[in-house]
1. Leaving out ligands, DNA and RNA but keeping every protein chain, what accessible area does E443 have, in Å² rounded to the nearest 10, with a 1.4 Å probe?
2. Keeping the other protein chains in place, figure out the carbon and sulfur percent of the accessible area of region 35-193, with a 1.4 Å probe.
3. Can you classify region 103-250 as rounded, prolate or oblate using the Cα gyration tensor, where a ≥ b ≥ c are the square roots of its eigenvalues, rounded means a/c under 1.5, and otherwise it's prolate if a/b beats b/c and oblate if not?
4. Looking at the square roots a ≥ b ≥ c of the eigenvalues of the Cα gyration tensor of region 265-370, which shape do they give, rounded for a/c under 1.5, prolate if a/b is larger than b/c, or oblate?
5. Count the lysine pairs in the chain whose Cα atoms sit under 24 Å apart, keeping only pairs 8 or more residues apart in sequence or on different chains.
6. Write down the accessible area per residue of region 342-493 in Å², having rolled a 1.4 Å probe over the full set of protein chains.
7. Taking the full set of protein chains and a 1.4 angstrom probe, give the accessible area of D242 in square angstrom, rounded to the nearest 10.
8. Can you give me the long-range amide H partners of F411? Hydrogens built in the peptide plane at 1.01 Å from N, cutoff under 5 Å, separation of 5 or more residues or another chain.
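The values are calculated or read from the model by the stated rules, or taken from the named source; none is laboratory data. Please read these numbers as outputs of a predicted model, since none were measured by experiment. Every residue, glycine as well, gets a Cβ built from its backbone with ideal geometry; the counts of neighbours run over all protein chains shown. These accessible areas exclude ligands, DNA and RNA; they are computed on the full protein's heavy atoms, side chains included. Shrake-Rupley method; radii C 1.70, N 1.55, O 1.52, S 1.80 Å.
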Amino acid sequence: MSESSLRSGLEFVRAKKWLVMAISLALLVPCVWHRRIEAGDLGSHVYNAWLAQLIEKGQAPGLYLSKQWNNVLFDLMLVKMGNWFGLAAAEKIAVYICVLVFFWGAFALVCAVTERVPWFLLPCFGMLAYGWTFSVGFFNYYISLGLGFFAIAMVWRGRGREWIIAALLGLAAWVAHPQGFVWMAGCVAYLTLWRRLEGWLKLLLPIAAAIAIVAVRIYVARHYESYTVWDSFGPGIYGGSDQLALYNARFQVLSNVALVFGLICFATEVARRLRAKESWSGVRLPLELYGVAVVAVYVLPDSVRMPMYAGWIGLAALRLTTVAAVMGLCVMGFVRPRKWFGWGFAAIGMAYFVLLYGATGELNRMEQRVEQLVSELPYGERVAATIWTPGDSRLPFIVHMVDRACVERCFSYGNYEPPSGEFRVRVRGDNPQVTDDADAAEEMESGEYVVRPEDLPMAQIYQCDENDFTKLCVRQLAAGEKNGRLGYHPPKE
């Protein structure tokens, strides 16, 4: 019987403690190479942590904190550490903790599945840690996945008390985000049933999983307004490598290169095993789980509007490409490493982080301009914003840099979190800080909001050069006008 995951993990850390520390420090670099961490929705998380602080001090009339037990872990970390160190420091500390949990959780899962340490895949773990899910800023979901990966690694080769540890990790994953918890629970259930079934009965599991996924899609489509990944983003390959397709077409090219290179490595291993007549039994289960994740991405609704929330539940299926990527690495972990495998992934990783440094540096310069603009406004003024990404970007939330720039300066009136009813900070009627209408928040972000007299004074930050999307300006809005009347707008499809 193989050694338990917990014992193997502890022995690995003891034997490689200096290497683990060095890798962990290297993971810190993208968090500190610019003044600000550019990760889409992160700006909104920081802004709402500030609102939570104001609520706790009784300085935010019309806002309150809900008592919810999921989708809150990262936000609680921000608020608590923000009270101790200030939000600027708390943001970096919290993000770095999330990166470590995600990276080492994925690494631990692949080690548990393959019973080996896949060093040649290390660049892949690094790129995925700073992939689409990180860059879009879904940090509650991101840390939920990391905790879930640790939990699955525990039970993959678990013994007794490791199931208890896995259950505690699962509880933390639930507090972080329900979608990450559902994946973890589903994976554990699949693993448990797969081991109990014999022979052809194992084939029932992937079939049953596919039927369940289709059933969810049909139910949601019949009862709620919803869209799939292909409705929102168009036909494409959403199997995990798309996690590297971020800010522009060069990232897309690199993600394709990574996919092709990975397939070449896997095909090389297939040829070797066929010649050696080696068994593929160990690869079957992670390969099935990878397939289930990919089917879920393509079939499940990506955006849903449900009556329990005022706003949309967005990018739900696309988030699962992170899961697909990790399960794909579990499959790749069975490949017998060759030197050119490691050098190839290292070269791709180096190119990826060079591109990431340049793209996030450009966003940092934009955010610096936003900070200059809001510093010219009276303290506490309402601000709306329309800031669009280039057409080849897959990260739609750069507008939230305005939220972060408003911390301790102004109020981002169109921030979507409080009126959506999905987050800890919520709104109760008219107030000076944020709209209480989720549709109005969406209209402000798209530039379609008609300004009311009672909204004023309110400033608008917008892209004021049709030929340079990085150039930003500010102006005062007038009653009766659309907030996006001036400035750049992306061409309509």
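1. 70
2. Answer for region 35-193: carbon and sulfur cover 70 percent of the accessible area.
3. Oblate, because a/c is 1.5 or more while a/b does not exceed b/c.
4. On the way: a/c = 5.00, a/b = 1.36, b/c = 3.68.
It comes out oblate by the Cα gyration axes.
5. 12
6. Normalised by residue count, the accessible surface of region 342-493 is 44 Å².
7. Rounded to the nearest 10, the figure is 10 Å².
8. Long-range HN contacts for F411: G380, E381, R382, V383.
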